[in-house]
1. Within the range 344-357, is even one residue assigned to a helix (DSSP H, G or I), of a type outside the set (Ser, Thr, Tyr) and at pLDDT 95 or above?
2. What is the residue count in the range 218-238 for residues that are in contact with a strand residue (DSSP E or B) (Cβ under 8 Å, 6 or more places away or on another chain) and at negative phi?
3. Name every residue in the range 140-170 that is part of a strand (DSSP E or B) and away from the ligand (no atom under 13 Å from the Cβ), in order of residue number.
4. Can you say whether ASP105 is of a type in the set (Asp, Glu) and either free of Cβ contacts under 8 Å to residues at least 12 places away in the same chain or within 15 Å of the ligand (Cβ to nearest atom) (or both), as far as the supplied structure shows?
5. Could you tell me whether LEU208 is surrounded by 17 or more Cβ atoms within 10 Å (Cβ to Cβ), on the phi > 0 side of the Ramachandran plot and in the same structural domain as ALA108 (by TED's automatic domain parsing)?
6. Would you tally the residues in the range 221-238 being hydrophobic (A, V, I, L, M, F, W, C), within 15 Å of the ligand (Cβ to nearest atom), part of a loop (DSSP other than H, G, I, E, B) and under 27 Å from ASN148 (Cβ atoms)?
7. Could you list, in sequence order, the residues of the range 117-138 that are part of a loop (DSSP other than H, G, I, E, B), farther than 16 Å from HIS96 by Cβ and at pLDDT 95 or above?
8. Does any residue of the range 77-93 turn out to be assigned by TED's automatic domain parsing to the domain that holds ALA308 and among the hydroxyl-bearing types (Ser, Thr, Tyr)?
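The values are calculated or read from the model by the stated rules, or taken from the named source; none is laboratory data. Please read all numbers here as calculations on a predicted model, not as lab measurements. Quick reminder, even Gly has a Cβ in these numbers, built from the backbone with ideal geometry, and neighbours come from all protein chains shown.
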Amino acid sequence: MDSKPHPDMSAGVKKYIEQANAMLAEREQQWKQAKRRRFDTVAVHGMYTAAEAIEKNQGAIIEPIFASSGQAYRDSDEMEAAQAGLIPTWAYVRIHNPTLGYLEDTLALLESYGLEGNFGCCVYSSGMAAIENVTDTLLVKQGDAPANFVSTCQIYGGSFQQFNVRKMQERGIEVRWVIDSNNIDEWRSKVDKNTRFLYGELPSNPGLSFFDLKRPIDLAHEHGLPFVADSTIATPALLRPLAHGADIVIHSVTKTMSASGFGTAGAVIARMNIPSPINNDAMRADFCRYLHDYPRRDQGGCLHPFQALMSLSDIRTLRTRIDLWSQSALAVARFLNRHAAVTNVNYLGIEDHPLHQVAARYLWLVDAEHDARYGKPVNRYGHLLSFRVKGGPQAARRVFDRLQVIMRVTDLGRVKSIATIPSISTHLQQGEESRKMASIPPDLIRLSVGAEHPDDVINDLDQALAGAR
Ligand SMILES: *Cc1c(COP(=O)(O)O)cnc(C)c1O
C-alpha cells in the first residue's frame, strides 16, 4: 500500500495517509533487518521488536493477543481512509488482526528465508480453508470454457476430497491427476489452455512421495501458470519451495508447525507478481494481500487470534525440533526396515528408498552450515513415515491395536508420537480405487514420530510387532 493523497481528500484523511506511509517505511526497514537474521532468530522474533513491545504493549516480550473482533477509529477521517484501503488497518478480524499479523510476518519470513524482496502471508482457520481460498481464487470463472488444474494424486485425504468431490463432482471444475509425479511428460500431457495452476504436495501424506520440484515449476512457468505447493510435512526448516521458484506455498499450520496440538490453523505464503492467466492485476501483484482483502473477508475462514499466538509459540523452536524429530524418525525407520514383520518402510531418509536421491537434493536442515554441531549442510527427512506389516490388513490392525506409547490418532506433527491406518481414517472417504491410484494400501500404518526418546518409540513398536506374528 503506497497511497498518495489526491486533491479531493479532506485534510484529515491526508494526515492519516501520511502517518501510515511513515509507518510503512519503518516497517520496510524492519523487514530488511529481519531478512539479515538467521532462521532461528526470525522464528523467535518475527517482526515484533523491543521498540514495539515498549512503546505499544507495556513492554510485553511476548506478542499480545488482540482478542477483539473489530478496531475502533479516532474519527470519521480515519475510518474513511481505513475502509477505502488507503491506510494499513485491520478493521474487522476477517480482514486482518494484529495478532494474526505477527504469525503472518513470521511465516512469510521463514518461507522466504534466504530470498530477497517482499513476500506475503495470509493465515486461515485451518489448512483446508487455506487450500480452498487459494484454489478457488485461481479458478474464478473467466470466459465460457470450464477451468481445470493439474495435481499430484499423492495428497492429503482432505485435499483429495476437496478437489475430487467438492470441485470436480459438485462444481464441474476438472482436477487432472498426475500419477507419477516424477514423470514430467505426464504433467505436460495434462496442461492445456484452460489450465489455471499446477499443484503438488511434498513429501506427501501418508505415502511420503516426493518429486523433482523444479521440473513442474518450470513447466508451469512455461505456460504462464503459478505452481502451488503444499509444504506441510517439510516445513520451512527443511524445504522452502519459493526458493525453487514455486509461487504459492500452503501449510496446514495445525500439524508440524503447531506441535503442541491446541487447534487448527492454515497459511498461504506467496511471492509478489505471480503468473496467472486470470485477468486480475491486484490478485497477481500481491496474492496474499488480495486474499486478505477479498476471498478471506468474503468466505470467512479466519483464524482466532488466540490460536495464532499458540501456533507462533510452537514455531519459535521449529528448526531444532525438526532436526531432533528427523533423527528420531530415521532411527525408527531403520529399526522397522530391519524388522522381519515389516514389508515396506516409506521414509525418504533410508538410502534404498527409490526416491531417496531426489529427496536428498531438496531436503536440507536450514542453517546447518551455521550450526556449531554440523558446520556443513546436512540432509534431514522429517518426522513422518509409513510402513506395511507382513500378513496384510488384519496383521496391521493387530500391531496398531497393541501400541502403548504411540497413540492411535488421525493427526500428525505432534510432540507425542502418533499413528493411524490411513485407509480406515484420513484416506477412508476417497474410496479404494483412489487409494490404489495414490498408493495407499490397506495394511499401511502411518507414524508421526514425536519428541519422546526414540528408544521408547522403538520398544513400543517392537512389542507391538511381536504380536503380529
Ligand atoms: C492435515 C493436512 C491438511 C489439512 O489441514 P487442516 O489444518 O487439518 O485443515 C492439508 N495438507 C496436509 C499435507 C495435511 O497433512
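1. yes
2. 14
3. ASN148, PHE149, VAL150
4. When the stated conditions are applied, ASP105 does not pass them.
5. Judged against the criteria, LEU208 is a match.
6. Summing the residues that are hydrophobic (A, V, I, L, M, F, W, C), within 15 Å of the ligand (Cβ to nearest atom), part of a loop (DSSP other than H, G, I, E, B) and under 27 Å from ASN148 (Cβ atoms) in the range 221-238 gives 2.
7. ASN118, SER126
8. Checked against the condition, which is being assigned by TED's automatic domain parsing to the domain that holds ALA308 and among the hydroxyl-bearing types (Ser, Thr, Tyr), the range 77-93 yields no hits at all.
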